[in-house]
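J.: Take a look at this one; I'll ask things after.
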Amino acid sequence: MDKQKEIRTSKFLSLVLRHKPEVIGITMDENGWVEVDELLQKMASKGKAINFEELQYIVANNNKKRFTFNEDQSLIRANQGHSIDINLALKPKSPPNILYHGTATRFLESIQQTGLEKRSRQHVHLSADKATAAMVGKRHGKLVILEIKATEMQKDGFDFFCSKNGVWLTDKVPVPYLIFPSNE
Ligand code: HQG
């Protein structure tokens, strides 16, 4: 599969598996899984045909490991990033002391007032390292990296989850747990 097709297909899979399964009329269970056979058939009927080997290649090589098969590879789902209401059924996990969130300077004023909100997604997305946070934040504009007092949040009763591809997820980050960079 050439690189262009790989990227195009990965974006289409993100659309179907995270946001709009209805664009190909596929059924998703409450945990976000769809049947691989049905996915391949319905993609083909929408002019987006790929074969099983190509799907395996994308699952294995996707730059952010966005998708996962179940054990017998009969089902597939997105690891995180959903806007539709599904339950990933992840178990709460103790986060590192500090997590990072990359965002754009234009959002800062609002974040300083309401904390980090999940917006259109199912969770607020946090990173264990600054480099990843920087990549996430740059997508939105001039980068700023916020630190999150994750252990303190957890002690105060907030749950954290870690997706299969290593993204830390939580429901919201209230202002007292955020460390904003100083202006110096
Ligand atoms: C911001 C990508 C104003 C938040 C990435 C972010 C990630 C606020 C934006 C994944 C706010 C939402 C998620 C507030 C939050 N006021 N702005 N109170 N609270 N925001 O894209 O975290 O490539 O939904 O800072 O790698 O940027 O799709 O979230 O800038 O893992 O696989 O609202 O998406 O992965 O933006 O990125 P997003 P995100 P994929």
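The values are calculated or read from the model by the stated rules, or taken from the named source; none is laboratory data. Because the structure is predicted, anything quoted here is derived from the model rather than measured. Cβ coordinates were reconstructed from backbone atoms using ideal geometry, including for glycine residues, and neighbour counts include every protein chain displayed. Just the protein is used for accessible areas: all its heavy atoms, side chains included, with ligands, DNA and RNA removed. Shrake-Rupley method; radii C 1.70, N 1.55, O 1.52, S 1.80 Å.
J.: If you plug each phi of region 108-118 into the Karplus form 6.51 cos²θ - 1.76 cosθ + 1.60 with θ = phi - 60°, what whole-Hz ³J(HN,Hα) values come out, in order, with x for Gly and Pro?
T.: Each residue of region 108-118 in turn: 4, 4, 5, 5, 5, 8, 10, x, 7, 10, 7 Hz.
J.: Determine the order of GLU147, GLU152, GLU109 by accessible area, beginning with the largest, at a probe radius of 1.4 Å.
T.: Result of the area sort, largest leading: GLU109, GLU152, GLU147.
J.: To the nearest 20 Debye, how big is the dipole of the chain about its Cα centre, given +1 on the beta carbon of each Lys and Arg and -1 on that of each Asp and Glu?
T.: 660 debye
J.: So if each residue of separation counts as 0.36 nm, and I subtract the Cα-Cα distance between SER110 and ILE7, what length gain in nm does that give?
T.: Difference between extended and current length: 33.8 nm.
J.: Go through region 92-106 residue by residue and turn each phi into a ³J(HN,Hα) via Karplus (6.51, -1.76, 1.60, θ = phi - 60°); whole Hz please, and just put x for glycine and proline.
T.: So the Karplus estimates, Gly and Pro as x, are x, 9, 6, x, x, 3, 10, 10, 10, 9, x, 8, 9, 4, 5 Hz.
J.: What pairs in LYS64/LYS142; LYS91/LYS149; LYS20/LYS155; LYS64/LYS155; LYS5/LYS142 have C-alpha atoms more than 24 Å from each other?
T.: In this structure, LYS20/LYS155; LYS64/LYS155; LYS5/LYS142 exceed 24 Å between Cα atoms.
J.: Using label points projected 7 Å from each Cα along Cα→Cβ, tell me how many nm separate LEU15 and ASP171, to one decimal.
T.: My value for the distance between the label points is 3.3 nm.
J.: Please work out how much length the chain gains when fully extended from ASP72 to THR27, using 0.36 nm per residue of separation minus the C-alpha to C-alpha distance, in nm with one decimal.
T.: Additional length available on full extension: 14.3 nm.
J.: Which residues' amide hydrogens lie under 5 Å from the amide hydrogen of LEU116, considering only partners 5 or more residues apart or on another chain, with H built in the peptide plane?
T.: VAL173
J.: Another question about this same structure. For the pair ARG119/THR151, report the inter-label distance in nm, with labels modelled 7 Å from Cα in the Cβ direction.
T.: The modelled label-to-label distance comes out at 3.0 nm.
J.: I want to make sure I understand the PRE zone here: with the label point 7 angstrom from the Cα of GLN56 toward its beta carbon, which residues in region 69-83 have backbone N atoms less than 17 Å away?
T.: The answer is 69-77.
J.: Further question on the same structure: Pick from GLU71, GLU117, GLU54 the residue whose mean-square fluctuation is largest in a GNM of the chain, springs joining Cα atoms under 10 Å.
T.: Comparing GLU71, GLU117, GLU54 in the GNM, the peak value goes to GLU71.
J.: Got a number for the accessible area of PHE107? Probe 1.4 Å, square angstrom, nearest 10.
T.: We get 70 Å² for PHE107.
J.: Considering only protein heavy atoms, what is the solvent-accessible area of ASP156 at a probe of 1.4 Å, reported in Å² to the nearest 10?
T.: Accessible area, nearest 10 Å²: 90 Å².
J.: Moving on to the next point. At 1.4 Å probe size, with no ligands or nucleic acids counted, give the accessible surface of PHE67 in Å², nearest ten.
T.: 10 Å²
J.: Scan around PHE160 for amide H atoms under 5 Å from its own, H built in the peptide plane at 1.01 Å from N, and keep only partners 5 or more places away or cross-chain.
T.: Here the answer is LYS93, since their amide H atoms fall under 5 Å of that of PHE160.
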